[in-house]
1. Which pairs do you get when a residue that is within 16 Å of L145 (Cα to Cα), found in region 222-239, comes within reach of a residue that is open to solvent by 60 Å² or more (accessible area, probe 1.4 Å) and part of a loop (DSSP other than H, G, I, E, B), reach meaning Cβ atoms under 9 angstrom, with the pair 6+ apart or on two chains?
2. Among E85, E48, E93, which is the only one that is surrounded by 22 or more Cβ atoms within 10 Å (Cβ to Cβ) and either within 27 Å of A169 (Cβ to Cβ) or free of Cβ contacts under 8 Å to residues at least 24 places away in the same chain (or both)?
3. Suppose we keep only residues that are under 19 Å from L190 (Cα atoms) and open to solvent by 70 Å² or more (accessible area, probe 1.4 Å) within region 202-237. Which one would you say is farthest from ligand 1 (Cβ to nearest atom)?
4. Residues in region 183-210 that are of a type in the set (A, V, I, L, M), away from ligand 2 (no atom under 16 Å from the Cβ) and more than 14 Å from A143 (Cβ to Cβ): how many?
5. Looking only at region 108-123, how many residues end up being part of a loop (DSSP other than H, G, I, E, B) and within 17 Å of R199 (Cβ to Cβ)?
6. Among the candidates L74, L98, single out the residue that is open to solvent by 20 Å² or more (accessible area, probe 1.4 Å), within 16 Å of ligand 2 (Cβ to nearest atom) and either in a loop (DSSP other than H, G, I, E, B) or touching a helix residue (DSSP H, G or I) at 6+ places or on another chain (Cβ under 9 Å) (or both).
7. Can L145 be described as of a type outside the set (G, A, S) and either open to solvent by 10 Å² or more (accessible area, probe 1.4 Å) or under 17 Å from E209 (Cβ atoms) (or both)?
8. So, in region 184-201, of the ones that are hydrophobic (A, V, I, L, M, F, W, C), away from ligand 1 (no atom under 13 Å from the Cβ) and within 16 Å of L80 (Cβ to Cβ), which residue ends up most open to solvent (accessible area, probe 1.4 Å)?
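The values are calculated or read from the model by the stated rules, or taken from the named source; none is laboratory data. Remember, it's a predicted structure, so these values are computed and weren't measured experimentally. Don't worry about glycine lacking a Cβ; one is built from the backbone with ideal geometry, like all the others, and counts go over all protein chains shown. Note: areas computed on protein heavy atoms with side chains; ligands, DNA, RNA excluded. Shrake-Rupley method; radii C 1.70, N 1.55, O 1.52, S 1.80 Å.
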Amino acid sequence: MSASKILVFLPTYNEKGNLDRLAEQLLSLGPEFSLLIVDDQSPDGTGEIADQLAREYPGRVEVIHRAPPRGRGLAGRDGLKRASETDCGIVVEMDADLSHRPEDIPKLIAAIQDADVVLGSRYMPGGGTEGFGPRRRLNSRVAGLLSEYVLGLRYSDPTSGFRAFRREALASLPWDRFISDGPSIVGETLYALRKRGYRIAEVPIFFVERRVGESKISPKLILKWILNLIRIRLNGHRL
Ligand SMILES: Nc1nc2c(ncn2[C@@H]2O[C@H](COP(=O)(O)OP(=O)(O)O)[C@@H](O)[C@H]2O)c(=O)[nH]1
Ligand SMILES: [Mg+2]
């Protein structure tokens, strides 16, 4: 295993206008960086862009095209599981809509020297958000509080999808016992990692609301996310 290799996992659904730029930025962070793109047959052709990137950067970009049903959680499970089977030392998970800034990655990597998992937090001193309307702000805060009360995740930003993991920590997780098909996968992985006693640190990050494409979060997805938190808690003994 090479401790210096860093694999960035990107779940994508209709990110045609973002993926190229993000990939170039990530790959130019250094030769130790490679990408794992998990696409759910995006109707906008994101999957073809991912394949093109794989051809352009041989050995540095892997693409998984998932079969339906689709979902952020299903993609998250497949992606993190696959990432945990590679020879990298560190796995970074981030959104593919340019909301998570590649320039914040070195902070996550620095903090993982003394931790097993590092959360990128919007809500600790030094962190922040740009472009959140009142509803988005409220949703985000309530989601954080519910994650704390239902799953006991006492972190400043437990729903942040911008994180770094030691690969061995991910390799210890029972992916086929996870229940999340949607965004609740973020809390579910954190819950399972904390349960195993891994050291979890937080660093401030700055989140920029997407400028291109659309958020996949809908009222239906929010409701399902809340129900899933409860299901994760009930299923907790199996994680
Ligand atoms: N593979 C896959 N990725 C998804 C799916 N839904 C969302 N994503 C990705 O997950 C990330 C976060 O999604 P987004 O809709 O921006 O969530 P938001 O930032 O909370 O509004 C983005 O990179 C999306 O492309 C899905 O069903 N499948
Ligand atoms: Mg987004």
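1. Once the first residue is within 16 Å of L145 (Cα to Cα) and sits in region 222-239, its partners that are open to solvent by 60 Å² or more (accessible area, probe 1.4 Å) and part of a loop (DSSP other than H, G, I, E, B) give W225/I217.
2. On the way: E85 fails: surrounded by 22 or more Cβ atoms within 10 Å (Cβ to Cβ); E48 fails: surrounded by 22 or more Cβ atoms within 10 Å (Cβ to Cβ).
Only one candidate passes the filter, namely E93.
3. Going residue by residue through region 202-237, those that are under 19 Å from L190 (Cα atoms) are 202-205, 222, 224-237.
This time we only want the ones that are open to solvent by 70 Å² or more (accessible area, probe 1.4 Å), so: 224, 227, 230-231, 233-234, 237.
On the way: K224: 12, L227: 17, I230: 20, R231: 18, R233: 21, L234: 24, H237: 28 Å.
Ranking the qualifying residues of region 202-237, first place goes to H237.
4. Step one: of region 183-210, the residues of a type in the set (A, V, I, L, M) are 185-186, 190, 192-193, 200-201, 203, 205, 208.
Filter once more, keeping what is away from ligand 2 (no atom under 16 Å from the Cβ): 190, 192-193, 200-201, 203.
Applying the additional criterion that residues be more than 14 Å from A143 (Cβ to Cβ) yields 192-193, 200-201, 203.
So the count comes out to 5.
5. Of all residues in region 108-123, those part of a loop (DSSP other than H, G, I, E, B) come to 115-116, 122-123.
So of that shortlist, the ones also within 17 Å of R199 (Cβ to Cβ) come out as 115-116.
Final tally of qualifying residues: 2.
6. Working: L74 fails: within 16 Å of ligand 2 (Cβ to nearest atom).
Being open to solvent by 20 Å² or more (accessible area, probe 1.4 Å), within 16 Å of ligand 2 (Cβ to nearest atom) and either in a loop (DSSP other than H, G, I, E, B) or touching a helix residue (DSSP H, G or I) at 6+ places or on another chain (Cβ under 9 Å) (or both) holds for just one of L74, L98, which is L98.
7. Working: of a type outside the set (G, A, S): yes; either open to solvent by 10 Å² or more (accessible area, probe 1.4 Å) or under 17 Å from E209 (Cβ atoms) (or both): yes.
In short, yes.
8. Going residue by residue through region 184-201, those that are hydrophobic (A, V, I, L, M, F, W, C) are 185-186, 190, 192-193, 200-201.
Checking which are away from ligand 1 (no atom under 13 Å from the Cβ) leaves us with 190, 192-193, 200-201.
If we keep only those that are within 16 Å of L80 (Cβ to Cβ) too, we end up with 190, 192-193, 200.
Details: L190: 0, A192: 0, L193: 0, I200: 38 Å².
The qualifying residue most open to solvent (accessible area, probe 1.4 Å) is I200.
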